[in-house]
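Below you'll find the structure, written out as structure tokens, and then a few comments.
The values are calculated or read from the model by the stated rules, or taken from the named source; none is laboratory data. Remember, predicted model here, so these are calculated numbers, not experimental data. Here the Cβ positions follow ideal geometry from the backbone for every residue, glycine too, while neighbour counts run over all protein chains shown.
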Amino acid sequence: MRRLILTAAALLVLPATAVAAPPANDAPTGATEFEAFTAGNLPAGQTAAERQGVVDLSEATADAGVPRCLGPVSFAKTVWFRVPAAPVTRLVKIEASSPSGGTGEIPDLALFVGAAGGAQTAEAQSCDGAAVGALSTSAAEVDARVPAGRDVLVQVGRSGGQAEQRLIASLRTTDLPATAPPAGDVATAAPALRIGSGEGVPLTGATLTEEDPAQPACPAPATVWRRARAPARGTYRITVKGPAAGTLTAFVGARPTADGARACVNRANAGGPLVLPVALRRGATLWTRLGTDNPADGASAAVVIKRPPARLGVALATPRLRSLRALTRRGQIAIRIRTEGQAVRGIRVTLGRRVRGRFRGVSRRTTANAIAAGGSKTVRVLLRGRARPGTYRIVAAGRAGSTPVRATKTLRLRR
Amino acid sequence: MASIPPPRILTRRRLLVHGTAVGAGLAFVPSAWGRLITQDATVGPGFFADGVASGEPAANAVTFWSRLTTERAVSGARLVVATDEGLTNTVATTVVPTRRAIDGSLKARVGGLKPDTLYYYAWQSSDGVSPIGRTKTAKPADSAAGLRMAFSSCQDFPVGFFNGHTEAATLGPLDLYLLLGDYQYEYENTETRSDAFPTVDLKSFRDRHKIYRADKALRELHRVQPVVHIWDDHEVEDNYTENNPRPSDLQRAAGYRVSFEWMPRMQFPREQFRIYNRWQHGRMADVIMLDQRQYRTGDLDGQPRQLVGRAQLDFLKARLKASPSTWKLVANQVMIAPLLVGVGGVGQEVNQDQWDGYDSERNELLDFIAAEQISNVVFLTGDIHTYMSNEVPQRPGAAGTYKSVATEYIGGSITSSGLPLPAESVNAANPWIKTFNGADHGYAQIDLSAAEAVVTYRVSDIQQEAAPSRTLSRWRQPVNTNTPVLDAGTRAFRSGPESPADSASESAPNAALRRRRRRWERFARRDVERREREGAAPRRRRRGKGGR
């Protein structure tokens, strides 16, 4: 009986399901090609240089397992197009907007460059859409210089909450001259950079490959990678010079992923450098991506990653107050020194007081020396003399020798 | 290069609107979005090769336009608006973002301005400064002051020089300049070369607009006069409709989208390509703009024949009825007065592409105007490349009897070739047509006062660059009448179907016009070559045009 009811219910539901079937290219595996079209003002038999994709998302669904490169509400409904591989490197450019009569809601676009073995949807290489921000005309655009022999999948969709279900996408491909890709065209094969020393980075022939995570704030159709390991914790400054570099993006992690993007910067003027500060932990791998709009013959840039400036922090060893009181009775204070950056080696810690706005050491015997080459270190300073409870003392830590790097902390001695 | 002094910022409007996150999908969402870096709009690289423009003037706001030429996919520019030409008395600055998705176009609508006031403006990138533009806000809602406007249509680049624009730019600050369609033509120029590109997709439409804006006269007009624009068929394809002929979805969307990219016109959020709209200029005039291309139906598609569609027709009727203004100016693409050609002694409509092909809507509109006794409705029309001053008859009788319920002024064409019909025979078959001239080219001025509307047709020799203009005829329409009256001293008709000069422009271009056509060809050839080498070679940096 139950089976009969279920069967009857299924029969009732089936026609409706058939009507509401998703489009054939709802999933990446069903991706269709953009279609050629003609026009009344074209010579007979000739088609337009661009190809079109006319989309109705009413019955389209989202894509399980495909990263939504524009945020969690992006690509709530999608369809897929495929740009077949070509024997030469090409500039692939896709644009999308609402059709005639449509709303001003911006469509979502993502471009996936296939791996050498076939198409992929694990990482989008270029994304644009509603989450990027409103413009005076509602449209989205992605482009990429795609290596020869690579398929491209294009995800076209709309964010959740958008009323418009239709959109029109266009594809334009332009064949590019054969040029060998530069070193670092593929992220995982990025040459290592030495921190502190500059290096020329050729950009000629750069492309986008399947390892390039999209970063809509700083888009570029071609990229070149470099990697470096941070020798110490601190804020490193990446500087790129040369007009051919249009964007600079920093990633951190074992390999560059969209999740590991830390910061990016777009070229702000024709001739100036791109500068990007990035906070790194000691030992972290920094992936530096240079984006270029036109990696023509001779295009290159110079990259230098500077170590962070030296910094010192001073704190009492924990637990702070108890240690202070106890140690004061024994005539000692434990000081935790934290150093950041380069060239902080010998640390001298002095107990003193402020006299007329200037620090004055109490006694040479209150001075302790330590070696702190990045990270934290606890040093003990013997407190002697007439230090009375309730009086104030200043701990000063500085690099041994004459150096402006110094940090101070005021302590109140207790009983 | 002009330089902008440091702006004294009185108001600052951030126009960057971030997308709104609404709802979440059900599918598994990997964390790629977690590192979506957001950035505010900043001034970026680029220069302003395509000039500046302003439009949609209201009493307190104006839309400003320019375009950044840059290779960068992301850039931006600062707009500076001031009350003086030196841009020292700054009243507004804003940073406007642009991206490759909109071809570097820059647009900002700046509010908080004073009515009936001249403003000067410029755009500033990190590499350059645009030419300084001039614009004017509309008169306040309670103003009874007179207005001066001008209008034109149909500018075919290789056919002749845009001398009408040259003069219109020198008229002094107009209250409004109306571009009534066929702002660009989609043809490949078969008269001169076969490799000139037809406009069918985004890139070809954008390249075509670049060619047009390279015209000095058009650029200057945009620089100094506030404009509104309505498109006609050639912004997409000749005489297209929904179905006959139906352009491809991309050609149509590209035509509309690129028009929005290149015009100082803001989008409606709920309908991104809507252009029908209304602008009030004091108590003197209401300017109602129509779209007679986007909503056409009835050509072989089984739907009722519609030129403007129900929603737009209701909008027009509502605006006409509610308008507090003396003059109701309707910016109108195609001719609304009937155009009959005598065949066997019987007048027959010859052009089904204009209102003649859409009797049902025309009758509904004109019956409404008559029934509601709405006075001083004036249609300003383009499309037909012919100067005409018409009464607009409500359901004219077969015996030539009619009642005029409005007037229509058709401002010739900037360059496009006119109708080769004998003027006298046109008037005989169409007694409501008071003048007919398809031979001359130029634009029209309209001066509005509480007593009358005065329309002046200005023409020039389009074969000669910057040739001086002369008055073809002037028409006066006293308030509360629906009849254009020829001004003393000007002629309504000229003899012959076409002037010798006009014929010459078609068959035997002079040296100047040949140069212009060669320029067109060069642009076209460059476009083809650029397509072939796109991205392959470094672009030479342009110098001396507002940037490096």
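Structure values in brief
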| item | result |
| --- | --- |
| Residue under evaluation A:Gln215, criteria (1) at pLDDT below 95; (2) surrounded by 23 or more Cβ atoms within 10 Å (Cβ to Cβ); (3) over 30 Å from A:Pro107 (Cβ atoms), criterion not met | (3) |
| Answer from B:Glu391, B:Glu408 - the residue that is charged (D, E, K, R), surrounded by 22 or more Cβ atoms within 10 Å (Cβ to Cβ) and within 18 Å of B:Ala285 (Cβ to Cβ) | B:Glu408 |
| Residue count, segment A:161-187 (criterion: at negative phi and out of contact with any strand residue (DSSP E or B) (no Cβ under 8 Å at 6 or more places or on another chain)) | 6 |
| Sole residue being crowded, with 22+ Cβ neighbours inside 10 Å, touching a residue at least 40 places away in the same chain (Cβ under 8 Å), of a type in the set (A, V, I, L, M, F, W, C) and assigned to a helix (DSSP H, G or I), chosen from B:Ala254, B:Ala217 | B:Ala254 |
| Matching strands (runs of 3 or more DSSP E) fully within segment A:140-245 where at least 3 residues are more than 19 Å from A:Val113 (Cα to Cα) | A:166-175, A:199-202, A:222-229, A:234-241 |
| One residue from B:Ala144, B:Ala196, B:Ala169, B:Ala150 being in contact with a Lys or Arg (Cβ under 9 Å, 6 or more places away or on another chain) and modelled with pLDDT under 95 | B:Ala196 |
| For A:Gln52: the one exception among (1) facing another protein chain (nearest Cβ under 9 Å); (2) more than 23 Å from the chain's Cα centre (by Cα); (3) in a loop (DSSP other than H, G, I, E, B) | (3) |
| Matching entry among A:Leu42, A:Leu57 (being within 20 Å of A:Val142 (Cα to Cα) and either modelled with pLDDT of 95 or more or at the interface with chain B (Cβ under 8 Å from one of its Cβ atoms) (or both)) | A:Leu57 |
| Hits in segment A:38-76 - residues which are over 29 Å from A:Arg145 (Cβ atoms) and charged (D, E, K, R) | A:Asp56, A:Glu59 |
| Residue check for A:Asp63: more than 9 Å from chain B (Cβ to nearest Cβ) and touching a strand residue (DSSP E or B) at 6+ places or on another chain (Cβ under 9 Å) | no |
| Filter result (assigned to a loop (DSSP other than H, G, I, E, B) and in contact with a helix residue (DSSP H, G or I) (Cβ under 9 Å, 6 or more places away or on another chain)) within segment B:341-374 | B:Val350, B:Asn351, B:Asp353, B:Glu372, B:Ile374 |
| Unique residue being surrounded by 23 or more Cβ atoms within 10 Å (Cβ to Cβ), at pLDDT 95 or above and acidic (Asp, Glu) when the list is B:Glu261, B:Glu237 | B:Glu261 |
| Extreme residue, nearest to A:Leu176 (Cα to Cα), among residues of segment A:243-291 that are more than 9 Å from every other protein chain (Cβ to nearest Cβ), surrounded by 22 or more Cβ atoms within 10 Å (Cβ to Cβ) and of a type outside the set (A, V, I, L, M, F, W, C) | A:Arg289 |
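Yes/no matrix, rows are residues, columns are (1) acidic (Asp, Glu); (2) within 13 Å of chain A (Cβ to nearest Cβ); (3) within 20 Å of A:Gly101 (Cα to Cα); (4) part of a loop (DSSP other than H, G, I, E, B):
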position: B:Tyr185; (1), (2), (3), (4): no, yes, no, yes
position: B:Thr199; (1), (2), (3), (4): no, yes, no, yes
position: B:Ser204; (1), (2), (3), (4): no, yes, no, no
position: B:Ile211; (1), (2), (3), (4): no, no, no, no
position: B:Leu221; (1), (2), (3), (4): no, no, no, no
position: B:Glu242; (1), (2), (3), (4): yes, yes, yes, yes
position: B:Met266; (1), (2), (3), (4): no, yes, yes, yes
position: B:Arg278; (1), (2), (3), (4): no, no, yes, no
